[in-house]
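Quick one: the structure is below, and I'll ask about it shortly.
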Amino acid sequence: DDAIRLLINEYSKRADYANTIFVITGDHRMIPVNHKNEIDRYHVPLLIYSPQLNTNKIFKSVCSHADLPSTITTYLKQQRVNF
């Protein structure tokens, strides 16, 4: 949490900060811990942050990391962002 806070605080000093979307995710836990079920082993955090967001939201749906690039690209195209 402190490292993410430091990253965003430092990045906020940049001119392009206002138009930045941060996508922060984790990796699968490889340590042997008990899981609620088989799919729980693959549960990892996914945080999406932008200074333009007005509210926070928690989504309980399932997605794959493989879904992220096409989802983000489609979003940016709908916003008419050149990249």
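How many residues are open to solvent by less than 100 Å² (accessible area, probe 1.4 Å) and either hydroxyl-bearing (Ser, Thr, Tyr) or under 20 Å from Thr71 (Cα atoms) (or both) if we restrict to the range 14-26? Let's see the steps before the verdict.
Looking only at the range 14-26, we keep the residues that are open to solvent by less than 100 Å² (accessible area, probe 1.4 Å), and these are 16-18, 20-26.
With the extra rule that they be either hydroxyl-bearing (Ser, Thr, Tyr) or under 20 Å from Thr71 (Cα atoms) (or both), the set shrinks to 17, 20-26.
Within the range 14-26, residues that are open to solvent by less than 100 Å² (accessible area, probe 1.4 Å) and either hydroxyl-bearing (Ser, Thr, Tyr) or under 20 Å from Thr71 (Cα atoms) (or both) number 8.
Further, regarding this structure: Going through the range 27-83 one residue at a time, which ones are modelled with pLDDT under 80, charged (D, E, K, R) and either surrounded by 10 or more Cβ atoms within 10 Å (Cβ to Cβ) or in contact with a Pro (Cβ under 7 Å, 6 or more places away or on another chain) (or both)?
Arg29, Asp40, Arg41
When you check Thr71 against the structure, is it of a type outside the set (D, E, K, R) and not in a loop (DSSP other than H, G, I, E, B), yes or no?
yes
Residues in the range 15-24: is at least one modelled with pLDDT of 80 or more and closer than 18 Å to Ser61 by Cα? So that I can check it myself, show each step before the final result.
Of the range 15-24, the ones modelled with pLDDT of 80 or more are 15-24.
Filter again for closer than 18 Å to Ser61 by Cα, leaving 23-24.
Scanning the range 15-24, I find at least one residue that is modelled with pLDDT of 80 or more and closer than 18 Å to Ser61 by Cα, so the answer is yes.
In the range 1-43, which residues are in contact with a His (Cβ under 9 Å, 6 or more places away or on another chain), assigned to a helix (DSSP H, G or I) and over 26 Å from Thr73 (Cα atoms)?
The one that is in contact with a His (Cβ under 9 Å, 6 or more places away or on another chain), assigned to a helix (DSSP H, G or I) and over 26 Å from Thr73 (Cα atoms): Arg41.
Would you confirm, using the coordinates I've provided, whether Leu47 is more than 21 Å from Asp2 (Cα to Cα), within 14 Å of the chain's Cα centre (by Cα), touching a residue at least 24 places away in the same chain (Cβ under 8 Å) and not in a loop (DSSP other than H, G, I, E, B)? Walk me through how you get there before you give the answer.
Working: more than 21 Å from Asp2 (Cα to Cα): no; within 14 Å of the chain's Cα centre (by Cα): yes; touching a residue at least 24 places away in the same chain (Cβ under 8 Å): yes; not in a loop (DSSP other than H, G, I, E, B): yes.
The answer is no for Leu47.
Note down all Cβ pairs under 8 Å where the first residue falls in the range 1-27 and is touching a residue at least 40 places away in the same chain (Cβ under 8 Å), the second is of a type outside the set (Val, Ile, Thr) and loosely packed, with under 10 Cβ neighbours inside 10 Å, and they're at least six residues apart or on different chains.
Final answer for the pair search is Thr25/Pro45.
The values are calculated or read from the model by the stated rules, or taken from the named source; none is laboratory data. The model shown is predicted, which means the values in this text are computed figures rather than measured ones. Don't worry about glycine lacking a Cβ; one is built from the backbone with ideal geometry, like all the others, and counts go over all protein chains shown. These area figures cover heavy atoms from the full protein model, side chains too; ligands, DNA and RNA do not enter into them. Shrake-Rupley method; radii C 1.70, N 1.55, O 1.52, S 1.80 Å.
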